[in-house]
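Worksheet: one structure, shown below.
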Amino acid sequence: MNFAPDLQARIDRLAVETGCAPEKLVEDAVAEYVAELAQTREMLDSRYDDLKSGRVKPIPSDEVIARLREKSAARLNADVVAWMKASGEGYQTRINAYLRQLMQRSR
């Protein structure tokens, strides 16, 4: 396979770091990707079957949009967000966890 030079360089670096042949790295990555695609296809087929059979009801698009807006309605001060981001990936999950703890303590 031919890759863009920057991708090939990343593969080569990973091969050196892991001691694994570049071809094996690519083969493993493609195998995982194909497996993930198959799982996604099964999940989508199952959801389609659920909708088609009436086991679940579709959600109107305006309701989906309302739910998405509801999830992102909170606005935080920039310094708070910067502080949370400084602690690494997953800061939004941590913010949610902190707020959930506060909510549970106040019950």
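Before moving on, here are some points about what is shown:
- Against the test of being of a type outside the set (Asp, Glu), within 20 Å of the chain's Cα centre (by Cα), modelled with pLDDT of 90 or more and not in a loop (DSSP other than H, G, I, E, B), the options 94, 67 yield a single qualifying residue, 94.
- Residue within the stretch 44-53 that is acidic (Asp, Glu), within 22 Å of the chain's Cα centre (by Cα) and over 30 Å from residue 2 (Cα atoms) present: yes
- The stretch 19-38, residues that are in a helix (DSSP H, G or I) and surrounded by 11 or more Cβ atoms within 10 Å (Cβ to Cβ): 22, 23, 24, 25, 26, 27, 28, 29, 30
- Of the candidates 94, 105, 41, the single residue that is surrounded by fewer than 10 Cβ atoms within 10 Å (Cβ to Cβ) and basic (Lys, Arg) is 105.
- Leading residue by the ranking (nearest to the chain's Cα centre (by Cα)) among those in the stretch 70-91 that are part of a helix (DSSP H, G or I) and closer than 30 Å to residue 46 by Cα: 71
Residue-by-condition table, conditions (1) at pLDDT 95 or above; (2) in contact with a helix residue (DSSP H, G or I) (Cβ under 7 Å, 6 or more places away or on another chain); (3) not charged (D, E, K, R):
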{"residue": "34", "(1), (2), (3)": "yes, no, yes"}
{"residue": "41", "(1), (2), (3)": "yes, no, no"}
{"residue": "59", "(1), (2), (3)": "no, no, yes"}
{"residue": "63", "(1), (2), (3)": "no, no, no"}
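The values are calculated or read from the model by the stated rules, or taken from the named source; none is laboratory data. In this text the structure is predicted, and so the values were computed from the model without any measurement. Note: ideal-geometry Cβ built from the backbone for every residue, glycine included; neighbour counts use all protein chains shown.
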